[in-house]
Amino acid sequence: MKKILFVEDDDMSRDVISTRLTRSGFDVVVVEDGLKALDIVSAQVFDLIIMDMSMPGLSGWEAAKKLKTSPATAGIPILALSAHTMSTDRKRALDSGCSDFDSKPVNLPRLLGKIEALLGNS
Amino acid sequence: MSSTISRDVTVEALPYFDQHVRDTTVGAEVARLFEQDHLLPGIMVMGENGFRGMVSRNQFFQRLGRLFGIEVYSTRPITAFLDSLPAPPLVLPGRTTIQNAAIVCLARPVENVYDPFVVALADGTHRLVDFLALILRQTELLSEAQIEAHAQKAAAITASKAKSEFLAKMSHELRTPLTAIIGYGEILLEDSEAAGQKAMTPRLRNIISAGLHLLEMINGILDLSKIESGKMEVFLETFSLPALIDEVSGTVAPLMQRNNNVFDVFFQQDIGTMRSDELKLKQCLLNILGNASKFTQNGRVDLRVTKESDQGADWAVFQIADTGIGMNESQMKKLFEPFYQADTSISRRYGGTGLGLSLTKQFCDMLGGTLSYKSEIGQGTTFIMRLPFSPKNSDDNLLSLSQN
């Protein structure tokens, strides 16, 4: 079973999306912000990180940059999941090191398609 | 000072001279007055019945400088000089604007274009105004107007930016709760179906579809705002037209079945590839076909795609004809207005955001094409979308669309 780290500060979004990912057959671990994400990747191995971008504390953009600069975590694909949906938001996420971008609210088939593509490439 | 006020400034506001002499004054005395004040551009002449004429410094000394000029004019009354002038002086009413006064002054013959002019006030008095004072003031007003125009443009850009930022923020703030509404709806739907509680299904589906409707509305508003601010980009790709038609037809087929409509698609298999913005074209077709399926029951909807050559260019012509409820003249007039639906009961009965056709029209324009339609109440509606097979400057992937 593929293991996904899901980073999201909004309680309901975290509950909804992690439930749907679990039901889709993934082992999902959730944390609430960028710092906790950095903390947990040092202790566990993940196949994919799905991360909100605008979060208090350490934002998704900053966390993605840090994850990509460390050799231990640089290989884990990151899928940005944001309610900021302008083309500049997408570009900002990709510039920070994310491999792909999807918008909230989640369209499950579309999100699963992107997850499969990233897991296939890793 | 705002430019509106600047345009209203009249010659009354200009600095003036009120030196004048009686018409009996001799030329030598006039010459003495000019020599006393070197800045004096002219002197007004008053007769028994008021204003009689004007002596311009330039004209007067030029005349005195002629052969026997001093002999002819210095001992006679100044009227001798006035009567020898080819034309009377320029007299403008006090309400004349600076702009108009400048135009009239500059239209004078070249030999006296630099002469002062006379302003006749409403109370019957007269003033003398230096030509250069007029031109100086006019230049100031023009530069003020220019500064004002720059400031207004900057303010408009700021306001438009603030509006875009507001919409982007609003979109984000609405998407977060919508994530919960749509997501929990879908989770509960799965739960209830797994537990065999079929009774809840329709209401849960309503929650989800209301959420999706709201999402569609937010996306439509953002698209319209992007088009309005010139930020909507066209991304050109080369794609297979039959594949696109198949995909779109597949998406709308369930909608057609829901209203018990016969849906037929006609196109030549060899119609080939097209170079356009594939996503926008799909969105346009889905909007029009979606409408056709909504407003037609137990009828038929036809999609015909043909390739036409016109003026050396190839056009993809998409014709969508339905046998639905149709529209009357006044409904058709407002068809492309955002949020317009033939009447408010339409959105309750048929759904839709009221943004689809407005966006479709804008997209067709952006792609270099046209969208036309014909309709008759009770007979149905036909939309015809004509798009170039390949835009003119298609080497570049991004068409710049700022409309300035």
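The values are calculated or read from the model by the stated rules, or taken from the named source; none is laboratory data. It should be emphasised that the depicted structure is a prediction, and the values quoted were computed from it without experimental measurement. Cβ sites come from the backbone with ideal geometry, for glycine too, and all protein chains shown count toward neighbours.
Descriptive notes on the structure:
- Of all the numbered requirements in (1) farther than 17 Å from B:ARG386 by Cα; (2) surrounded by fewer than 21 Cβ atoms within 10 Å (Cβ to Cβ), B:GLU278 misses one, and that requirement is (1).
- Residue satisfying all of: in segment B:369-390; out of contact with any Asp or Glu (no Cβ under 8 Å at 6 or more places or on another chain) and not in a strand (DSSP E or B); nearest to B:ARG304 (Cα to Cα) among these: B:GLY369
- The single condition among (1) of a type in the set (A, V, I, L, M); (2) part of a strand (DSSP E or B); (3) crowded, with 22+ Cβ neighbours inside 10 Å that A:VAL30 does not satisfy is (3).
Listed here are the residues, each with its yes/no results for (1) modelled with pLDDT of 95 or more; (2) crowded, with 16+ Cβ neighbours inside 10 Å.
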residue: B:ALA151; (1), (2): no, no
residue: B:GLU165; (1), (2): no, no
residue: B:LYS169; (1), (2): no, no
residue: B:PRO177; (1), (2): no, yes
residue: B:GLY183; (1), (2): yes, yes
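- Within the option set B:THR251, B:THR238, being more than 31 Å from the chain's Cα centre (by Cα) and within 14 Å of chain A (Cβ to nearest Cβ) holds for one residue only, B:THR251.
- Qualifying residue in segment B:46-60 (condition: out of contact with any strand residue (DSSP E or B) (no Cβ under 9 Å at 6 or more places or on another chain) and surrounded by 14 or more Cβ atoms within 10 Å (Cβ to Cβ)): no
- Condition met for B:PRO15 (in contact (Cβ under 8 Å) with a residue 60 or more places away in the chain, within 14 Å of B:PHE131 (Cα to Cα) and surrounded by fewer than 16 Cβ atoms within 10 Å (Cβ to Cβ)): yes
- Residue among B:LEU40, B:LEU90, B:LEU64 that alone is buried (at least 16 other Cβ atoms within 10 Å of the Cβ) and in contact with a Cys (Cβ under 8 Å, 6 or more places away or on another chain): B:LEU90
- If you filter segment A:1-23 down to residues that are within 10 Å of chain B (Cβ to nearest Cβ) and among the aliphatic types (A, V, I, L, M), you find that the one that is nearest to A:MET51 (Cα to Cα) is A:ILE17.
- The criterion of at least 1 residues that are touching a Leu at 6+ places or on another chain (Cβ under 9 Å) and either modelled with pLDDT under 95 or among the charged types (D, E, K, R) (or both) is met, among strands (runs of 3 or more DSSP E) falling completely within segment B:42-102, by B:50-56.
- Some residue of segment B:189-198 being over 30 Å from B:LEU40 (Cβ atoms), more than 14 Å from every other protein chain (Cβ to nearest Cβ) and acidic (Asp, Glu): no
- Residue within segment A:82-105 that is in contact (Cβ under 8 Å) with a residue 60 or more places away in the chain, within 14 Å of chain B (Cβ to nearest Cβ) and either among the acidic types (Asp, Glu) or not in a loop (DSSP other than H, G, I, E, B) (or both) present: no
- Failed criterion for B:GLU228 (all others in (1) within 11 Å of chain A (Cβ to nearest Cβ); (2) acidic (Asp, Glu); (3) free of Cβ contacts under 8 Å to residues at least 40 places away in the same chain hold): (1)
- Residues of segment A:6-50 that are in contact (Cβ under 8 Å) with a residue 60 or more places away in the chain, farther than 21 Å from B:ILE187 by Cβ and of a type in the set (A, V, I, L, M): A:LEU48 alone.
- Single residue of B:ALA122, B:ALA199 found to be over 30 Å from A:GLU8 (Cα atoms), part of a helix (DSSP H, G or I) and not hydroxyl-bearing (Ser, Thr, Tyr): B:ALA199
A quick yes/no check of all residues on (1) surrounded by fewer than 18 Cβ atoms within 10 Å (Cβ to Cβ); (2) touching a helix residue (DSSP H, G or I) at 6+ places or on another chain (Cβ under 8 Å):
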| position | (1), (2) |
| --- | --- |
| B:GLU186 | no, yes |
| B:ALA194 | yes, no |
| B:THR201 | yes, yes |
| B:ARG205 | yes, yes |
| B:MET217 | yes, no |
| B:GLY230 | yes, no |
| B:ASP246 | yes, no |
| B:ASP264 | yes, no |
| B:THR273 | yes, yes |
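- For the condition more than 10 Å from chain A (Cβ to nearest Cβ) and either part of a helix (DSSP H, G or I) or more than 14 Å from A:ASN107 (Cα to Cα) (or both), B:LYS161 qualifies.
- Here B:ARG108 meets the list (1) surrounded by 12 or more Cβ atoms within 10 Å (Cβ to Cβ); (2) within 14 Å of chain A (Cβ to nearest Cβ); (3) without any contact (Cβ under 8 Å) to a residue 40 or more places away in the chain; (4) charged (D, E, K, R) almost entirely, failing just condition (2).
- Qualifying residue in segment B:316-329 (condition: surrounded by 15 or more Cβ atoms within 10 Å (Cβ to Cβ), hydrophobic (A, V, I, L, M, F, W, C) and without any contact (Cβ under 8 Å) to a residue 60 or more places away in the chain): yes
- Check on B:LYS169, more than 8 Å from chain A (Cβ to nearest Cβ) and under 22 Å from A:ASP9 (Cβ atoms): yes
- Residue that is modelled with the highest pLDDT, among those in segment B:229-269 that are among the acidic types (Asp, Glu) and out of contact with any Ser or Thr (no Cβ under 8 Å at 6 or more places or on another chain): B:ASP264
- Qualifying residue in segment A:42-59 (condition: out of contact with any His (no Cβ under 9 Å at 6 or more places or on another chain), of a type in the set (Val, Ile, Thr), part of a loop (DSSP other than H, G, I, E, B) and away from chain B (no Cβ under 13 Å)): yes
- Matching option when the condition is farther than 30 Å from B:THR306 by Cβ, assigned to a helix (DSSP H, G or I) and facing chain A (nearest Cβ under 10 Å), among B:LEU204, B:LEU174: B:LEU174
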